[in-house]
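Nothing in this text is a laboratory measurement; each read-out follows from the coordinates by a stated rule. Because the structure is a prediction, the values reported are computed rather than measured. Don't worry about glycine lacking a Cβ; one is built from the backbone with ideal geometry, like all the others, and counts go over all protein chains shown.
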Amino acid sequence: MNIEEIFKKAYDQKASDVHLVVGKPPILRVDGELEEISGIKPLSKKDLEQMVFEILNDEEKKKIVAEKELDFGFQNDGKARFRVNLFYERGNLGLVARVITDEAPTIESVGLPEVVVNLLNLKQGLILVTGPTGCGKSTTLAAMVNYLDKNFNYNIITLEDPIEYLFKPEKSIIVQRQLGSDMVTFAEGLKHALRQDPNAIMVGEMRDLETIATTITLAETGHLVLATLHTYSAAQTVDRIIDAFPPHQQNQVRMQLSMTLAGVISQRLLPKIDGGRVAAREVMINIPAVSNIIRENKIAQLKTVIETNAKDGMISMDQDLKRLYKEKLISKEVAQGQMTNPELLERIKI
């Protein structure tokens, strides 16, 4: 099989990722589990290099050889796109590709709660989607951009590494910029976005201090900003942002964040009972109590505020796991394995 045939198989089997490493057959991640493609011998160093270099242009070939790392997007037969990461390990080339379907997701298809729609109807503020690698943050962001496009006449700018979903604008202008080919850094792209008359800006990842600072400033200056962070909860997200700054700036950042943060959606992907995966989400909305906690640096209290303010649309992770269990989407073992208080499920009969 060549690499395009492997990618096609991944798409047909509804895999989320493709792994190519020397000494193993091609491996797919299906419903969260790694599975070897049967009938293919383990890849040699020469096999893998030949496969990969077939889909690289001259500039990309030079970059992977010089820098030993490369991220890029690849389109296969018009059916799906792949977010590809190349790397070296022990002198051998390796590849991991995330499968991205051609159809942009919707709020409904990814199961986002109604409160997220309320956040997207705001004209300004910072909405963060967080979670570990592979939890569907990019898919959630794409669904949010899709909602904005279908409901508003906006100028939407996305900054991505690499571009994943290709949007087909309906009501809005959607400008998709890719790191490397369209901008040098996220921070530079964000600075120049201010001069491009945006209504909404989507930042693929807040990965360094300069990007975090510029993202907060954009939200502060009257724009709706969507971004991601690799954090596990709303409380950890706030801590991570503030800790990214030098100590002498942290009080100022707390003040900025308390005013600009609209909400945090923290998610995890879990195996469904009938196959596939489903997202469990914690949702924090920046009500006055949350704003005060951030400003006064009492972050440990956020968990309690989320649990006790369901009337404002807040959802704790335990509450959402309980819902998924009651709806028979996930097993009791899966739910309890993710819960802070697993005993919450003991009295539930389904």
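Quick look at the numbers
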{"quantity": "Built amide H within the under 5 Å cut-off of D31, gap 5+", "calculated": "S16"}
{"quantity": "FRET E, pair A310, N121, Förster distance 22 Å, beta-carbon r, rounded to 0.05", "calculated": "0.65"}
{"quantity": "Compactness of segment 114-315 as Cα Rg over 2.2 N^0.38 Å, two decimals", "calculated": "0.99"}
{"quantity": "Extension gain, N85 back to L34 (0.36 nm per residue minus Cα-Cα distance, nm)", "calculated": "16.6 nm"}
{"quantity": "Computed over segment 3-101: relative contact order in percent, which uses C-alpha pairs under 8 Å that are six or more apart", "calculated": "28"}
{"quantity": "9 Å beta-carbon shell around T185, net charge (K/R +1, D/E -1)", "calculated": "-3"}
{"quantity": "Mean separation of Cα contacts under 8 Å, 6 or more apart, over the residue count of segment 191-246: relative contact order %", "calculated": "38"}
{"quantity": "Cα gyration tensor shape for segment 1-129, rounded if a/c is under 1.5, else prolate or oblate", "calculated": "prolate"}
{"quantity": "Proxy reagent accessibility, fewest Cβ within 10 Å first, across M51, M317, M284", "calculated": "M51, M317, M284"}
{"quantity": "Helix-derived mean residue ellipticity, 222 nm - over the chain, DSSP H n ≥ 4, -39500 (n - 2.57), to 500", "calculated": "-10000 deg cm²/dmol"}
{"quantity": "Proxy reagent accessibility, fewest Cβ within 10 Å first, across S316, S291, S258", "calculated": "S291, S258, S316"}
{"quantity": "Antiparallel bridge percentage (DSSP; both residues within the chain; nearest 5)", "calculated": "60"}
{"quantity": "q = 0.16, 0.19, 0.21, 0.23 Å⁻¹: log10 I(q)/I(0) that the Debye formula gives for segment 228-293, counting C-alpha atoms only", "calculated": "-0.60, -0.76, -0.87, -0.99"}
{"quantity": "Sequence-separation-based contact order of the chain, relative, with Cα cut under 8 Å and 6+ spacing, percent", "calculated": "13"}
{"quantity": "Taking T228, T237 and counting other C-beta atoms within 10 Å, the order from fewest to most", "calculated": "T228, T237"}
{"quantity": "Charge dipole (segment 78-153, unit charges on Cβ, about Cα centre) - positive-most of N118, L95, M144", "calculated": "L95"}
{"quantity": "Cα-projected label distance for L209 with K326, points at 7 Å along beta-carbon direction, nm", "calculated": "4.6"}
{"quantity": "Derived scalar couplings ³J(HN,Hα) [segment 305-313; Karplus, 6.51 cos²θ - 1.76 cosθ + 1.60; whole Hz; x for Gly, Pro]", "calculated": "4, 4, 5, 9, 10, 4, 4, 8, x"}
{"quantity": "Span per principal axis, largest first, for the Cα atoms of the chain (Å)", "calculated": "59, 56, 42"}
{"quantity": "Cross-link table K150/K191; K24/K62; K171/K311; K14/K137, entries beyond 29 Å C-alpha to C-alpha", "calculated": "K171/K311"}
